[in-house]
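Participant: My questions will all concern the structure given below.
Computed from the coordinates by the stated procedures, all read-outs in this text should not be read as laboratory data. Bear in mind that the values here come from a model prediction, so they are computed numbers and not experimental data. Glycine also receives a Cβ, built like all others from the backbone with ideal geometry; neighbour counts cover every protein chain displayed.
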């Protein structure tokens, strides 16, 4: 019997790119958080500089209802608060990649993980554009 951990990865554009649309879609964001909370995640990891994890958690604990227009607070903070998580996790890597590093990574994925590459390509092809007329929940 395997004790593998299941990870759910949610990606989004940076909400600051279209603040008006995010304000209009707040009810859909809340519905998305409701859906995600039904999956009962035990940890919430957010794209934030890992070395600033303490500051991220301070912001999380001090944020109540006035959420900034960014995906970290609108989705991450909302979800963690809904689930009464005591902390969240910063997971952004702040290193630098050279072109050779990216080529090596790509070649390794092609050789060792072709099913992952196929899945990623499939997701990219099937991902619709998000705009004011797109209902976020229908994308799940």
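Participant: Please list the equivalent ellipsoid semi-axes of the chain, computed as the square roots of five times the alpha-carbon gyration tensor eigenvalues, in descending order and whole angstrom.
Facilitator: 27, 20, 17
Participant: If neighbour count is taken as other Cβ atoms inside 10 Å, put 10, 79 in order from fewest to most.
Facilitator: Sorted ascending by nearby Cβ count, the order is 10, 79.
Participant: Continuing with the same structure: Is it possible to state the helix-based mean residue ellipticity at 222 nm for the chain, with each DSSP H run of 4+ residues giving -39500 (n - 2.57), the sum divided by total residues, to the nearest 500 deg cm²/dmol? What is it?
Facilitator: One gets -13000 deg cm²/dmol as the mean residue ellipticity at 222 nm.
Participant: Considering the chain as a Gaussian network with a 10 Å cut-off on Cα pairs, which listed residue, 46, 32, 97, attains the greatest mean-square fluctuation?
Facilitator: 97
Participant: Please compute the modelled spin-label separation between residue 70 and residue 28, points set 7 Å along Cα→Cβ, answer in nm with one decimal.
Facilitator: Each label point is offset 7 Å from its Cα along the Cβ direction, giving 2.2 nm.
Participant: Quick one: what does P(r) look like for region 96-140 with 10 Å bins over all Cα pairs, in whole %?
Facilitator: So the P(r) values, bin by bin, are 23, 31, 27, 19, 0.
Participant: Arrange the peptides 12-20, 53-61, 121-129 so that the one whose residues have, on average, the most other Cβ atoms within 10 Å appears first.
Facilitator: So the order, starting with the most tightly packed, is 53-61, 12-20, 121-129.
Participant: Further question: Using per-residue counts of other Cβ atoms within 10 Å, averaged over each peptide, order 82-88, 130-136 from highest down.
Facilitator: The most tightly packed comes first, giving 82-88, 130-136.
Participant: For residue 125 and residue 85 in one chain, what is 0.36 nm times their gap in residues minus the Cα-Cα distance, to one decimal in nm?
Facilitator: Contour length minus Cα-Cα distance gives 11.0 nm.
Participant: Something else now. Please give the helix 26-38 orientation as an angle from the longest Cα principal axis of the chain, in degrees from 0 to 90, rounded to the nearest 10.
Facilitator: 70
Participant: Hey, with R₀ at 30 Å, roughly what FRET efficiency would residue 52 and residue 133 work out to, going by the Cβ-Cβ distance, to 0.05?
Facilitator: Efficiency, rounded to the nearest 0.05: 0.25.
Participant: Any idea what angle helix 53-62 forms with the longest principal axis of the chain, computed on alpha-carbon atoms, 0 to 90 degrees, nearest 10?
Facilitator: 30
Participant: How far, in nm, would the chain grow between residue 105 and residue 117 when pulled straight, counting 0.36 nm per residue and subtracting the alpha carbon separation?
Facilitator: 3.2 nm
Participant: Give me D for region 38-118 in µm² s⁻¹, whole number, from Stokes-Einstein with Rh from the Kirkwood sum over alpha-carbon pairs, 37 °C and 0.692 mPa s.
Facilitator: Here the translational diffusion coefficient equals 220 µm²/s.
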